[in-house]
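The structure under discussion appears below in the form of structure tokens.
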Amino acid sequence: MSATNASNGSRIETYEDFVKVHDLLLAASGLPQSLHFKLFQKLTSETFDGGAHFEIEPCEEGRQRRLLLTSETMAEDSNVFLIDHAWTFRLPDAYKQLQEVPGLVQRMAALMCVDVEDDGGSEQAAESGGKMTAEEVLESEIRNAKETGDGFVRWLELEELGLDGATLLSLNLSTKFPDLLALSLCGNKLENQEKLVEEVTKFKNLKALWLNNNPVLEKGDCGMEDAILQGCPKLEIYNSRFTHNFGEWALGFCADVYGKDNPASSHQGNLPLQSVTSLDLSNRGIHNLINKAFSPFEMPNLSYLNIRGNPIEENSVSDLFGLLKAFYCLQSLEVDIPGPLGDSAVEILESLPTLSSLNGVDASKILESENHIVDSMLQLRLPEWTAEEPLADRVLNAMWLYLMTYRLADEEKLDENPVWYVMDELGSALRHSDEPNFRVAPFLFMPEGKLASANVKRGDECTRDYLFGIGEDKQRSARLTAWFYTPQKYFIQEYEKHLKKLQSKCLPSLSVKSSATTVVHRSDGSAFRVYTDIPQIEEFLTRPEFVITNEPKDADIIWTGMQIDEEVKKAVGITDQQCINQFPFEACLVMKHHLADTIQKAQGSPGWLQPTYNLETHLSQLIGDYCLRKRDGLNNLWILKPWNMARTIDTTVTDNLSAIIRLMETGPKICQKYIEHPALFQGKKFDLRYIVLVRSINPLEIFLADVFWVRLANNLYSLEKHSLFEYETHFTVMNYGRRLNHMNTPEFVREFEKEHQVKWLDIHQRVKSMIRSVFESAASLHPEMHDPKSRAMYGVDVMLDASFQPKLLEVTYCPDCMRACKYDTKAICGGGETVRGPDFFNFVFGCLFLNETIHVCQL
């Protein structure tokens, strides 16, 4: 059990007091009641006795650690152990703490197994003194062939010898080894295509050629490959991939029938593959599996087959099923799902009834659960780093494989920023299992938390479920991608289906009509009574047509910052005859996941909306997009935003896929492609706040206020990795406890036009068109928004990319307009009239309730 200490001054002395204070925490932890007293004893005595029962053992070649039980046995629900927190922090402070807290980065690097230097180069240098030259290798091979065989060298490995084209030709290999079947030249310095082709095509009986890790392959020229295949007509393996000519030899190589010690069959014509029971053909670039050698006649005893990572697109699904059915002994199959056999594990098993295992999962379990995508052999996602990377950077990259999180709260409010923590060495060595034998739960002790859930015996690995309580209804398989390499092909296919759906959407524009909204009026001609909880309205709404009232039930107009639902209406006494500053179902605009969904359903993927995914429903599609971008070498920086929080609270910028998935744990979020190349103002990032006034949804009547303002970041913009932790570099909302650099809008526009040699009116026109499209999407998709008694003001936040195209950031309900009220400005469009700050709400109310168009323009 992971433990946190939060002493409040009066120390708990008795078990009864402990239960009384921690009742809810004990229930939430899932700890059996029989262990409550033992937990109390260990917490009060600060007993961390895990070392007496467990040991930490390196695994995965030292790149990870696992936890083993050293006690003889441990029965279910028999003990509870405390795990300390080795590092507790808030995300923006992570890099700073690693830099400044003595010993922290060293401990975290050791815990996460990223402290080992990449000393392969020095080892290689140390060994180079004993490495043979190419000539010595040839002499050794000739001598060995004479001593142990018929004197003919058929397999030759000249790897990592620094060979260039001239040296290769000088070795005269074709004359010395005319019967060569396999040649490996991996890891040399071969650059000249012509010389390489000239030499290797002299081997007319060559079956396999490996040129991997040579500069000549970096040119990506298919001409060389075609020339080699044409010049070596019997070649079956080229750079670890099968050629179209593959046959018995290539299959025999993958089945360990052929190799360096046995490069050719000693019993030609006697079915050399007949003894093969296991065949691994994964990642061999196979396009056509229907082949004379790949048959039950050649391999009658084949029981295990792995064909993962092969397109096999030249064969139909039905033809492949027909081929595999003929292997009567086939019991275990590994194949991509979706892939060449379709996208359903259940259908594969129904088509191949001899299978008892598919992708490492028992066939009966698959059929029982009706899982269509299955894979139990997920490869661990281990940290990657270079020797030049500082320890702090390695830790920041690796920490998402280890972090856990919680939020603090009291009776007043929930903490805006989640707390992340790393368990100590013992806790961090608990690896994942879908069938764990331990459970970890955080426990806040006022003045400390591990939970057994199965019988275990000495030497067993102790595991926990990284996603305890999370099933497929909450995207469990996709979320495991944070710790494991899951099947990319499935996610890419989900993304491509999603993209195709978006591309099919097209929303016709709604016509702009002259105002049809009835002017709000009182029958006796007296002033409108306005109830508001917005201080600026109370202070600055000074027109004689409006008067402030303190009683909501007496008001003609209610303008509030709180959400008014039917329950609030009933409690306060609000009637359907009163005007309210919100539209029904406006969540389709002001909640970030609904906004993206509204636009995507109406318009697909317009250029002004960055690719956006609701992580609660579209994680698989996001992973597919991420994988494709990584494969194609595209920028993969993303921004995660909570559904319904303002002021960039709990907002993170990252290019780490594990981080993206783990950040779901701090609350529902959207993940949006980061605008990595925004338009800058004097080297700094900025965004624009526009004010939109909505009189009616049907017909759509919306107006853009002449007043808008710019929000500037404080630091120069940078994509340097550490800058992603700097709020004042990547975010622009500074008017809540940070240094605010206000700039008058006309001055900003003048300076921006001068800096970038652009016309702001052109940009403004594009912004207007975009904003109109946003509200058209909502009006078309959600006609239920219309209410004749509704009027509303929304803030629309816009960023410009490096091509000065607008990008929608968000739509805000009842935006903070203090700046609009505080500063006089001049309208950028129209006649350039002065707009007095104190008059802001006078013209807003005039537009919405009196049908005026002063200081606004209709969109």
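The values are calculated or read from the model by the stated rules, or taken from the named source; none is laboratory data. For clarity, every value in this text was computed on a predicted model and none was experimentally measured. Counting neighbours? That spans all protein chains shown, and the Cβs are built from the backbone with ideal geometry, glycine included. Keep in mind that these areas ignore ligands, DNA and RNA; they rest on the heavy atoms of the full protein, side chains included. Shrake-Rupley method; radii C 1.70, N 1.55, O 1.52, S 1.80 Å.
Observations on the model:
- Carbon and sulfur %, accessible surface of the chain computed with the full protein complex present, 1.4 Å: 49 percent
- Under a 5 Å amide H cut-off, with hydrogens placed 1.01 Å from N, Ala86 pairs with Val422, Met423, Asp424 among residues at least 5 apart or on other chains.
- Residues of segment 822-846 with amide N under 12 Å of a point placed 7 Å along Cα→Cβ from Thr542: 836-842
- Efficiency of FRET between Gln563 and Asp77 - r from beta-carbon atoms, R0 41 angstrom, step 0.05: 0.35
- In the chain, the convex hull through the Cα atoms has an average projected area of 46.5 nm², a quarter of its surface area.
- Solvent exposure of the chain amounts to 46 Å² per residue of accessible area, where only protein heavy atoms count and the probe is 1.4 Å.
- On a per residue basis, the convex hull of the C-alpha atoms belonging to segment 133-258 measures out at 100 Å³.
- Among the listed pairs Lys505/Lys592; Lys176/Lys234; Lys497/Lys601; Lys131/Lys234; Lys219/Lys673, a Cα-Cα separation exceeding 22 Å is found for Lys131/Lys234; Lys219/Lys673.
- Backbone phi angles across segment 575-583, fed through the Karplus curve with coefficients 6.51, -1.76 and 1.60 (θ = phi - 60°), yield HN-Hα couplings of 10, 6, 8, 8, 7, 10, 7, 7, 9 Hz in residue order; Gly and Pro are listed as x.
- Computing FRET efficiency as 1/(1 + (r/R0)^6) for Glu55 and Phe484, where r is the C-beta to C-beta distance and R0 is 25 Å, gives about 0.55.
- Pairwise FRET efficiency - Asn644 versus Glu755, Cβ, R0 = 45 Å, nearest 0.05: 0.80
- Above-threshold pairs, the threshold being 30 Å between Cα atoms, out of Lys42/Lys96; Lys759/Lys822; Lys500/Lys768; Lys641/Lys789; Lys570/Lys641: Lys42/Lys96; Lys641/Lys789; Lys570/Lys641
- Amide H contacts of Thr486: none lie under 5 Å away among residues 5 or more positions distant or on a separate chain (H built 1.01 Å from N in the peptide plane; Pro and chain starts excluded).
- Label zone at Ser803 (point 7 Å along Cα-to-Cβ), backbone N below 16 Å, segment 755-788: 763, 766-767, 770
- Computed from label points 7 Å out along Cα-Cβ, the spacing between Leu217 and Asn550 is 8.1 nm.
- Straight-distance crosslink candidates among aspartates and glutamates, where the alpha carbon sits under 19 Å from Lys630 and sequence neighbours closer than 8 are dropped: Glu218, Glu384, Glu494, Glu496, Asp655, Glu676, Glu720
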